[in-house]
Each structure stands twice: as structure tokens, then as C-alpha cells.
1. Is it the case, given these coordinates, that residue 78 is assigned by TED's automatic domain parsing to the domain that holds residue 126, exposed (fewer than 11 other Cβ atoms within 10 Å of the Cβ) and in contact (Cβ under 8 Å) with a residue 24 or more places away in the chain?
2. Residue 138 versus (1) closer than 30 Å to residue 22 by Cβ; (2) of a type outside the set (S, T, N, Q); (3) touching a Lys or Arg at 6+ places or on another chain (Cβ under 7 Å): which is the lone unmet condition?
3. Please go through the stretch 64-103 and pick out each residue that is among the charged types (D, E, K, R) and closer than 16 Å to residue 118 by Cβ.
4. Mind listing whichever residues of the stretch 29-60 are in a loop (DSSP other than H, G, I, E, B) and either within 27 Å of residue 131 (Cβ to Cβ) or among the polar types (S, T, N, Q) (or both)?
5. Considering 66, 119, 130, which residue is surrounded by 11 or more Cβ atoms within 10 Å (Cβ to Cβ), in a strand (DSSP E or B) and of a type in the set (Asp, Glu)?
6. Tally up the residues in the stretch 88-104 that are loosely packed, with under 14 Cβ neighbours inside 10 Å and modelled with pLDDT under 90, please.
7. In the stretch 89-108, how many residues are in contact (Cβ under 8 Å) with a residue 40 or more places away in the chain and part of a loop (DSSP other than H, G, I, E, B)?
8. Going through 51, 72 one at a time, which residue ends up being out of contact with any strand residue (DSSP E or B) (no Cβ under 8 Å at 6 or more places or on another chain) and either assigned by TED's automatic domain parsing to the domain that holds residue 140 or touching a residue at least 24 places away in the same chain (Cβ under 8 Å) (or both)?
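The values are calculated or read from the model by the stated rules, or taken from the named source; none is laboratory data. The shown structure was predicted, so the numbers you read here are calculated from the model rather than taken from an experiment. All Cβ positions, glycine included, derive from the backbone under ideal geometry; neighbour counts span all protein chains shown.
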Amino acid sequence: MEVILKKNVDKLGYRDEVVTVKNGYGRNFLIPQGYAVLATPSNKKAHEEMLKQRAHKESKILAEAEALAAKLADVTVKIATKVGENGKIFGSVNTVQLADALRVAGYDVDRKSLKIKDEPIKEVGTFEAEVNLHKGVKPTIKFEVVSE
């Protein structure tokens, strides 16, 4: 079954791609959840026309993503959490806290585009996260977990 993705789907594809999936996955998950539409000839034609109109906008978005990636390459963000006696954190550090720290530092990054490497983080130290800004733009940022 061919579907046109309406949103980015992890391990499947990006928005506006035409992908082939198994019938059950498309019919029971992607289409009802609003992640995709069926790739009928009329939908494909409308999709191609929309892609033509969006092509020049895409280059602008890519340039902005690359500029933000260049800024994020040098940034080290500090996240303050409560820490026990032996350096262990109460709970763990997640993408919500990292997105909030980046927002305070002046970078507006969606928490859903962040992937923390070596998750879960349950101790103080320096760690890395990958930011999915655009199709080919995935800079790695460093963040430091410190005690309050």
C-alpha cells in the first residue's frame, strides 16, 4: 500500500514522502491517526502540485535550519536538578527539561525533535543530544547536568 505522509514518522519517513507500507499498518494506524493519506492517482497529482509550490519555501527553511545548527554547535546548556548524596539524580533528565534549558538560552527547539544519547540520564555529568532540525540537518549539542 502506498501512502503520502502528512507528518514525520520515526523510522518510516518525512513529511510529504510517498512510502510503501504494509496494508494493516497504513489502514489501521497511519491513516486513522492522521499521519498519512492513501496515495491514489488524484492525491498523487495534488501532492506533486503542492510540492512544486513549496520548493522555493523549502530552501529558505533549510537555510534557517543550517544557521540554527551552526549556532547550536558551540552551545553547552546547563540543567540544574535535585541530586542525592552520591551524585544520583532524583528521577531522570528528559527532553522536556532540555528543551526548556535551550529556550532559556535563546534557542527555540521543539522537544519532539530532541533525542538524548545514552538515555536515561540519572547522574550528574556532561551528555550529548541530537537535534532533528530538518531532513539532513541533525546537529549534536552538549548539555551538562548539575546539582541545584
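1. Details: assigned by TED's automatic domain parsing to the domain that holds residue 126: yes; exposed (fewer than 11 other Cβ atoms within 10 Å of the Cβ): no; in contact (Cβ under 8 Å) with a residue 24 or more places away in the chain: yes.
No, not satisfied.
2. With (1) closer than 30 Å to residue 22 by Cβ; (2) of a type outside the set (S, T, N, Q); (3) touching a Lys or Arg at 6+ places or on another chain (Cβ under 7 Å) applied to residue 138, the lone miss is (3).
3. Keep residues of the stretch 64-103 that are among the charged types (D, E, K, R), which gives 64, 66, 71, 74, 78, 82, 85, 88, 100, 103.
Result: 88, single match.
4. Initial filter on the stretch 29-60 (in a loop (DSSP other than H, G, I, E, B)): 34-35, 39-40.
34, 35, 40, listed by residue number.
5. Working: 66 fails: in a strand (DSSP E or B); 119 fails: in a strand (DSSP E or B).
Result: 130 is the single residue among 66, 119, 130 that is surrounded by 11 or more Cβ atoms within 10 Å (Cβ to Cβ), in a strand (DSSP E or B) and of a type in the set (Asp, Glu).
6. Number satisfying all stated conditions: 3.
7. If we filter the stretch 89-108 for residues that are in contact (Cβ under 8 Å) with a residue 40 or more places away in the chain, which is where we start, we get 89, 93, 98, 101.
If we keep only those that are part of a loop (DSSP other than H, G, I, E, B) too, we end up with none.
Summing the residues that are in contact (Cβ under 8 Å) with a residue 40 or more places away in the chain and part of a loop (DSSP other than H, G, I, E, B) in the stretch 89-108 gives 0.
8. Working: 72 fails: out of contact with any strand residue (DSSP E or B) (no Cβ under 8 Å at 6 or more places or on another chain).
Every option except 51 fails the conditions.
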